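Here's the structure we're looking at; comments come further down.
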Amino acid sequence: MKRKLLSMLLTVSMMAGVLVGCGSQETATTADDKSADTKKETVVTEKDTPTADSVDAATEQGKVVNVYCWNDEFKQRYEAYAADLAATHGVEVNFVIVANENNAYQNNLDAALMAQESAAADDKVDVFLVEADYASKYTKSEFALDVVGDVGLTEADLAGQYQYTKDIVTVDGVQKGTTWQATPGLFAYRRSIAKEVLGTDDPVEVQAALSNWDNFDATAAKMKEAGYFMLSGYDDSFRTFSNNVSAPWVDGTKIVIDENIMRWVEQTKEYTDAGYNNMTTLWAPEWSADQGPDGKVFGFFYSTWGINFTLLGNSLADATAPQEVGNGIYGDYGVCEGPQPYYWGGTWICAAKGTDNIPFIKDMMYRLTCDAATMKQITLDTQDYTNNEAAMNEIANSDYASDFLGGQNHIALFAEAAKKIDMSNISDYDQGLNEAIQQNFHEYFEGNVDKETALENFYTAAFEKYPELTK
């Protein structure tokens, strides 16, 4: 593929970024990056002296493995379950963390990948992470390597993974990434509120009250009457609607707003006007607070990572205290399927073309995404839902119980939800257009503009991000 074409693919919305200075560092550092309007954090998680057993591996590989990502979730997984591989291979692992806000992560990664050929060996991108909303942008390029043909994983290694997690990063039969997690979604609800308003907190009975959107709306009215909010804000139900669209966001170059997206608009406006939500926005401090001890919100749509990585932390009265019953509302949440199956997010590990650390990357990918014992242990340790169907089914059919979820085996529900994930309507533009439609309809929900104006504002934002698209 010609570099000019690659440049167009990888720089749809790329700013002229300044490369992160990678290399050996003893401590975490943070520096302002004016080109990306964000803060960059370069974190070295491992610095090991090669042992006698690892000398051969060290001479065959570069000394530094640069991993590009947008938060510390993958860093946590690596440190907990694969950090010993650095010593085995005689390498340093350097995490280059740039927040996702305003597309800064992709802009920074794009700049680094475009400079890959001329970068010094220890400054090259070795591994980079991608999300479902924009994975295809990178897997369609030459910068993501084939995890089988180039990295060396086998079809047998990958056989235990959920098929959709492979399909989303597969182009023309070539798999260009791999992940440790699967991300089916559920509805997480407050047990105490369910008991008060619905007369039960049993997940089966609560599910009956939320089994379709008509029932969901009727329950929202009951919550309002009892002094509670059904949802926290405008964006909470978005993924449940957007993951059930009938076609991708873009047809050729034309933006197509699916009927299901407009159903989200209509429902959210109705909920806002009726007082069924607390008028917050996703990730805002008020939204997080609604999940905690003082919150008056019945429930939240969350996928696997959301329950163990976000909801649990937000629900604690003191995040630094032990995670146990009685701390905040730990133990007061339960989960059920909700009105529609959906997924939300997911993180894929890609090996970058030009890396000189293939042996390390292969072992890391295998350990963190293929090894059934590791997958099972991650779930037991963190309550995350991992990417090995047999391991998850084993836990689903066991007496496993989550204290945070009032003793519920949520893995069993996730195992059923994972079977229903449909990725057939994803596109290269999902992240930007999903964000734009949500952001530009907030003013409509608040009554500051009419629907037509909000729609025009959405198109304006969309064309700024993607000038090649049309109405």
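About the centre of its Cα atoms, segment 384-471 shows a dipole size close to 180 debye [charges on the beta carbon of Lys, Arg (+1) and Asp, Glu (-1) only; nearest 20 debye]. Compare the Cα positions of 319, 309, 93 along the charge dipole of the chain (+1 at Cβ of Lys, Arg; -1 at Cβ of Asp, Glu; about the Cα centre) and return the one farthest towards the positive end. Toward the positive end, the furthest listed residue is 93. Here, the chain is characterised by an Rg to Rh ratio of 0.97, where Rg is the alpha-carbon radius of gyration and Rh the Kirkwood radius.
Size of segment 76-191: Rg and Dmax of its alpha carbons, in Å, are 16.2, 57. In a fully extended conformation the segment linking residue 296 and residue 156 would gain 45.6 nm over its present Cα-Cα distance, using 0.36 nm per residue.
Dipole magnitude for segment 51-190: about 500 debye, using +1 per Lys or Arg Cβ and -1 per Asp or Glu Cβ, origin at the Cα centre. The residues of the chain expose on average 40 square angstrom of accessible surface per residue, using a 1.4 Å probe on protein heavy atoms. Projecting the Cα atoms of 433, 463, 405 onto the charge dipole of segment 403-471 (Cβ charges, centred on the Cα centre) puts 405 farthest toward the positive pole.
The label-point distance for residue 174 and residue 450, in a model that sets each label 7 Å from Cα toward Cβ, rounds to 5.2 nm. Could you work out how far the C-alpha centroid of segment 287-366 sits from that of segment 415-464, in angstrom? So the two Cα centres are separated by 22 Å. Counting 0.36 nm for each residue step from residue 260 to residue 225 and taking away their Cα separation leaves a gain of 9.8 nm.
Legend: distances between Cα atoms for 353/376; 451/471; 420/451; 222/419; pairs beyond 26 Å are 353/376; 420/451; 222/419.
A simple spin-label model places pseudo-atoms 7 Å from Cα toward Cβ; at residue 463 and residue 270 they are separated by 3.3 nm.
Put a plus charge on the Cβ of each Lys and Arg, a minus charge on the Cβ of each Asp and Glu, and nothing anywhere else: the dipole of segment 131-269 about its Cα centre is then about 380 debye.
Solvent-accessible area of the chain (1.4 angstrom probe, protein heavy atoms only): carbon and sulfur portion equals 48 percent.
The values are calculated or read from the model by the stated rules, or taken from the named source; none is laboratory data. Quick caveat: nothing in here was measured; it's all calculated off a predicted structure. As a convention, Cβ positions derive from the backbone with ideal geometry for all residues, glycine included, and neighbour counts pool all protein chains shown. Note: accessible area is taken over every heavy atom of the protein model, side chains too, but ligands, DNA and RNA are not part of it. Shrake-Rupley method; radii C 1.70, N 1.55, O 1.52, S 1.80 Å.
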